[in-house]
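*Asks:* If you scroll down you'll find the structure; I have some questions about it.
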Amino acid sequence: MLQDRSAVIDFGVLPPTPGMIAGGVYQQPARAEAFARTCGFEPPAGLRSMSVDALIADMDEAGVSTAVIRGRQQAASLDGAVVSEPFAPSSLSAEESRTLMSERPGRFVAYAGVNEGMLDDPAKALDPVLSDERFRGVMLSPGYFKRPLYADDPRLSVLYDYCRTRALPTMINFGGNSGPDLSYTNPEIIDRVAARFPDLPLVVHHGGWPWVTQILHVAFRRTNVYLAPDQHLYGFPGWRDYVEAGNGFLRDRLLYASYYPFLPIPSSAERFRTMFDEEVHARLLHDNAQHLLSLRS
């Protein structure tokens, strides 16, 4: 894995693959552009061009050597489904992730997406995917399931145990609009999962916002919890608390993630550097991500 500490690892981009383009942010560019400007950025050109070349150009300009792509596996439609995503459903399958990683060797690594159909037998569903070592962890969005689950639902325990025994960091979509209502992002949920599986690294995608003080307390008491606040660092209420934690006790467990194409990579990385003390830049922009990416056995 990467050793150059001057290189940036972006711990979360949404690449313009066919499944992502078919729904989500790429289908509502005006809304995403308004979001970027609310955060104080000009939107990335790649949002409308939907070009992998544009994404790579942004990465190169920002000094990003590698970006983590987060899988999304859509399950078959179920009766009584609850719509929890603010954007149209999108997907990033293992096949599309493999294709992108092969076409752009060394520029991307992946977290394998999980849907509710995989929970009964994670080994059967995930072992074939994870035989490819470019998949470095698992991505879970239980609040986006067709029948949403809380992240501490007992039905997820077999998946967490599967990841624990294979040293697979588990990223949980947990913050912002990560469920049908605000209760799905209550940090007590992460606290319970982290306590139940203390040897399992848990990456909190969206940083648990808006429960900033509470999720920071969870991260303080549970040293297997990592935070990737992504866009919630830029002007959202509580952002200063993330920065204070990243400069202090969380310096080894906070991650830079652009959340491209919602935000541009070069200017978000530049502002990220101005927000945090220079002495922690290498950790937040490279080392913490490098540690997680090197864990799986």
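The values are calculated or read from the model by the stated rules, or taken from the named source; none is laboratory data. Keep in mind it's a predicted model, so treat the numbers as computed, not measured. Glycine gets a Cβ as well: all are built from the backbone with ideal geometry, and neighbour counts include every protein chain shown.
*Asks:* Go through segment 122-138 and give me each residue that's farther than 11 Å from L159 by Cα and either of a type outside the set (D, E, K, R) or in contact with a Gly (Cβ under 8 Å, 6 or more places away or on another chain) (or both). Can you show your working first?
*Replies:* Pass one, segment 122-138, residues farther than 11 Å from L159 by Cα: 124, 127-137.
Within segment 122-138, P128, V129, L130, S131, F135, G137 qualify.
*Asks:* Go through segment 230-252 and give me each residue that's over 14 Å from the mean Cα position of the chain (by Cα), charged (D, E, K, R) and either buried (at least 24 other Cβ atoms within 10 Å of the Cβ) or in a loop (DSSP other than H, G, I, E, B) (or both).
*Replies:* Within segment 230-252, R251, D252 meet the criteria.
*Asks:* Condition first: under 18 Å from G71 (Cβ atoms) and of a type in the set (A, V, I, L, M). Now tell me which residues in segment 168-184 satisfy that.
*Replies:* L168, M171, I172
*Asks:* Of the residues S258, S267, which single one is outside any helix (DSSP H, G or I), closer than 21 Å to A67 by Cβ and in contact (Cβ under 8 Å) with a residue 12 or more places away in the chain?
*Replies:* Checking each option against the conditions leaves just S258.
*Asks:* For the subset of segment 160-192 comprising residues that are in contact with a helix residue (DSSP H, G or I) (Cβ under 6 Å, 6 or more places away or on another chain) and assigned to a loop (DSSP other than H, G, I, E, B), which member is surrounded by the fewest Cβ atoms within 10 Å (Cβ to Cβ)?
*Replies:* Result: G176.
*Asks:* From R134, R98, grab the single residue that is within 30 Å of M59 (Cβ to Cβ), in contact with an Asp or Glu (Cβ under 7 Å, 6 or more places away or on another chain) and not small (G, A, S).
*Replies:* R98
*Asks:* What are the pairs with Cβ atoms under 8 angstrom where one residue, in segment 117-134, is within 15 Å of D161 (Cα to Cα) and the other, located anywhere, is surrounded by 11 or more Cβ atoms within 10 Å (Cβ to Cβ) and of a type in the set (D, E, K, R)? Sequence gap at least six, or different chains.
*Replies:* Taking only residues 6 or more apart or on different chains, the pairs are L119/R155.
*Asks:* Still on this model: Taking only pairs six or more apart or across chains, which ones have beta-carbon atoms under 8 Å, a first residue in segment 22-41 that is closer than 21 Å to L233 by Cα, and a second residue that is outside any loop (DSSP other than H, G, I, E, B) and small (G, A, S)?
*Replies:* Pairs that qualify, where the first residue is closer than 21 Å to L233 by Cα and the partner is outside any loop (DSSP other than H, G, I, E, B) and small (G, A, S), are V25/A32; F41/S267; F41/S268.
*Asks:* Something else now. Of all residues in segment 145-159, how many are in contact with a Lys or Arg (Cβ under 8 Å, 6 or more places away or on another chain) and either aromatic (F, W, Y) or assigned to a helix (DSSP H, G or I) (or both)?
*Replies:* Total meeting the criteria: 1.
*Asks:* Name the one entry in R48, R31, R37 that is on the phi < 0 side of the Ramachandran plot, over 20 Å from the mean Cα position of the chain (by Cα), surrounded by 15 or more Cβ atoms within 10 Å (Cβ to Cβ) and assigned to a helix (DSSP H, G or I).
*Replies:* One residue alone meets the criteria, R48.
*Asks:* Which residue pairs have Cβ atoms under 7 Å apart, sit 6 or more places apart or on different chains, and have a first residue in segment 177-200 that is within 12 Å of T223 (Cα to Cα) and at pLDDT 95 or above and a second that is surrounded by 21 or more Cβ atoms within 10 Å (Cβ to Cβ) and of a type in the set (S, T, N, Q)?
*Replies:* Final answer for the pair search is L200/T170.
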